[in-house]
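Structure first, commentary second.
The values are calculated or read from the model by the stated rules, or taken from the named source; none is laboratory data. Computed from a predicted structure; not experimentally measured. Cβ placement follows ideal geometry from the backbone for every residue including glycine, while neighbour counts extend to all protein chains displayed.
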Amino acid sequence: MAEDNFTVTPWEVSGNVDYGRLVKKFGTEAITDKLYDRIKKYTKDLHFLLRRRIFFSHRDLNWVFDEYDKGNRFYLYTGRGPSGHTHLGHIVPWMLTKYLQEKFDAKLWFQMTDDEKFFFNPGLSIDECSRFAYENALDVIALGFDRKKTHIFTDFDYAKTMYREAAKVAKKLTFSTTKATFGFSNETNVGSIFYTSMQSVPAFLESVKAGKNIPCLIPHAIDQDPHFRVCRDIMPRLGYYKPAAIHCRFMPGLGEGGKMSASQPNTCIFTTDSPKDAENKIIRAFTGGRATIKEQKEKGGNPDICPVFQYWAMMFEQDDRKLQEIRRKCLAGELTCGDDKRMLAEKAMAFLVSHQEKREKARDKLKDYIVKD
Ligand code: TYM
């Protein structure tokens, strides 16, 4: 069998990801047209991230809706590894999470894994990870999650609750499973080996609190799936449901190939970037355009390999007709990359101005969302 020329793990995404192949490799299921229709039956409309197949894969989504039909409503769980400021890519799964919260009136547990980032990043201290956890929480709050239905916590500051439950998972999780799943070796620090136990806890925490089993649905990008594969194997052995999940693709970086990643700050837009910095990054972006304007006009550009077009599709143009028009003009050579980038930069700057305002206001609201013990 041919070697894949891409890598997707919770800590590294590189190469040209073949999502069809990834679904097979990870053993998830592609979301079928029938399943999109089923979602639409509950939500009345389909979120643009669903309509555009940016959320494309799942585990047990039909089951979660079967339970819902029986009156057994699900809660949502998602998270963030606070190794730095939030970037636009992180917001993609959070947008769908918010929509699901609204449509299904669902409770949300939002985990900030300051412990994970401490274990996995040699250069980060506990204090730095914890500080970023609360900075990232501001972004979550700024997006407008329902304060009565959203609990945000950091692993260290909710450790009393978390550790007790994580220990139950850890007792069922062997070193050989983590080696096979994540490629760990004898040299890997034991904190990292233990860590999946922590990420598993919110997948059953609501059941612990309620004293009965409650289905859980986890929206995330597909890189996090290996954690939940392990978690799903263990849950029934602890008497809990396996969590369901819905997976999105990666927002690319502004360079050629690769996902948006904080480790590549020049091709990554952080929510804390000044609008001017974001504009500069976008203006310097790689595109699917031709070498000269003359050639672009004659042959048209290639939106399918163009991060600028992906940003329109994944975040900044939610109207399908307008998106199609950008695509058409690009293919027909009517839109130059320079103009396209300037248009996108305008949108991105407007988003940042408004988001940053909400983000500052969120500082006063933190106490309403954060749970500690
Ligand atoms: P983290 O901080 O790497 O990423 C946070 C969320 O963003 C997704 N993501 C992206 N989505 C689209 N485009 C991108 N370029 C992109 N980069 C990252 C991730 O899949 C994730 O959904 N270990 C986790 C924290 C965590 C978590 C969870 C995530 C704890 N519990 C439950 C999801 C669900 C982490 O480091 O995520």
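Before moving on, here are some points about what is shown:
- Residue check, residue 245 touching a residue at least 40 places away in the same chain (Cβ under 8 Å), in contact with a Cys (Cβ under 7 Å, 6 or more places away or on another chain) and within 12 Å of the ligand (Cβ to nearest atom): no
- Among the residues of region 102-149, those that are within 14 Å of the ligand (Cβ to nearest atom) and either aliphatic (A, V, I, L, M) or within 30 Å of residue 38 (Cβ to Cβ) (or both) comprise 108, 109, 110, 111, 112, 124, 133, 137, 140, 143.
- From the options 34, 24, residue that is more than 30 Å from residue 257 (Cβ to Cβ), away from the ligand (no atom under 12 Å from the Cβ) and not acidic (Asp, Glu): 34
- Selection count where residues are surrounded by fewer than 21 Cβ atoms within 10 Å (Cβ to Cβ) and away from the ligand (no atom under 14 Å from the Cβ), scope region 201-235: 9
- Which listed residue is within 16 Å of residue 80 (Cβ to Cβ) and of a type in the set (A, V, I, L, M, F, W, C), from 201, 208, 190: 201
- Some residue of region 326-336 being in contact (Cβ under 8 Å) with a residue 60 or more places away in the chain and under 27 Å from the mean Cα position of the chain (by Cα): no
- Residue 72 vs. criteria at pLDDT 95 or above and away from the ligand (no atom under 12 Å from the Cβ): yes
- Just so you know, in region 62-89 the residues that are among the charged types (D, E, K, R) and in a helix (DSSP H, G or I) include one that is farthest from the chain's Cα centre (by Cα), and it is 69.
- In region 311-333 there is no residue matching the filter, namely being loosely packed, with under 13 Cβ neighbours inside 10 Å and hydroxyl-bearing (Ser, Thr, Tyr).
- Test set (1) touching an Asp or Glu at 6+ places or on another chain (Cβ under 9 Å); (2) outside any helix (DSSP H, G or I); (3) surrounded by 13 or more Cβ atoms within 10 Å (Cβ to Cβ) - residue 373 fails condition number: (3)
- Filtering region 107-118 for residues that are closer than 19 Å to residue 9 by Cβ and either basic (Lys, Arg) or surrounded by fewer than 18 Cβ atoms within 10 Å (Cβ to Cβ) (or both) leaves a non-empty set.
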